[in-house]
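Structure first, commentary second.
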Amino acid sequence: MRGRRPYPGGVLFAIFCLIVAGWPASVAAHGGGSSGSQAGIPIPSLTHGEMAVIAPYYGRIISLAESVSDTDETFRRLLNFAQIQRAYCLWGLMPGSVSDEESPFNECSHAYLAAAKAVLLQMRVMKVEKASVDDLVSDIDTALVRNSLSLILCKFSGESFNTADLIRPELADIALHMKSLAVILSASLLVLAGLWLGARALRLQAQP
């Protein structure tokens, strides 16, 4: 008699649970910002208004940075931090992650967008295609002036960052932020529904 084969849906569900369980609930030395380890590269702070302007340009900044062939270690570490930090911030998909100061994803949004700005400024002094960089800087500067947003502050506006310190949203804060919690619960329900439907389809196929 052949043993029962584990359903792929159950395996995927187990992986999903492991990912959720492995997401750090808190980060040491981030009680009031990212002033813990200074072994990495310091990243200047970003005001709330600057963040709102730079956010739509994040893709252009990273795309341009990835096209640079002649790079140094500082540039690569800044770019790597910006991309990893954005992943920890769920790729900017959470509602209010940029605009809502109370969002548990607002601090990490400050971090990856501050890093993106640092990458852009680093490209200005590197041997790259100056026209593309200058055009991008000009577009961002124009948006800042047009919207008068550079002076708008929030509780994270004075916080500097460091490539050695990744900012992770705390699960306790997510649980208390209704919009973030609703999105995560909805996504979890969709995942579970998909796994259930997949497992059901496999069971029906296995029936004689």
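The values are calculated or read from the model by the stated rules, or taken from the named source; none is laboratory data. All values reported here derive from a predicted model rather than from experimental measurement. Glycine also receives a Cβ, built like all others from the backbone with ideal geometry; neighbour counts cover every protein chain displayed. The area values use the complete protein model at the heavy-atom level, side chains included, leaving out ligands, DNA and RNA. Shrake-Rupley method; radii C 1.70, N 1.55, O 1.52, S 1.80 Å.
In this structure, is Ala114 in a helix (DSSP H, G or I) and in contact with a Pro (Cβ under 9 Å, 6 or more places away or on another chain)?
Yes.
Does region 181-193 hold any residues that are open to solvent by less than 50 Å² (accessible area, probe 1.4 Å) and modelled with pLDDT of 85 or more, and which are they?
Matches in region 181-193: Ala193 only.
Go through (1) part of a helix (DSSP H, G or I); (2) crowded, with 17+ Cβ neighbours inside 10 Å and name the single condition Ser103 misses.
(1)
So the check is Cβ under 7 Å with 6+ separation or different chains; which pairs have a first residue in region 96-117 that's polar (S, T, N, Q) and a second one that's open to solvent by 10 Å² or more (accessible area, probe 1.4 Å) and not in a helix (DSSP H, G or I)?
Note: pairs meeting the criteria are Ser103/Met94; Ser103/Gly96; Ser103/His177; Asn106/Asp100; Asn106/Phe156; Ser109/Val98.
Of the residues Ser109, Ser69, Ser132, which is surrounded by fewer than 21 Cβ atoms within 10 Å (Cβ to Cβ) and part of a helix (DSSP H, G or I)?
Just one listed residue meets the conditions, Ser132.
I'm trying to understand the selection: among the residues of region 140-177, which are in contact with a helix residue (DSSP H, G or I) (Cβ under 7 Å, 6 or more places away or on another chain), in contact (Cβ under 8 Å) with a residue 40 or more places away in the chain and not in a loop (DSSP other than H, G, I, E, B)?
Ile140, Ala143, Leu144, Asn147, Phe161, Ile174
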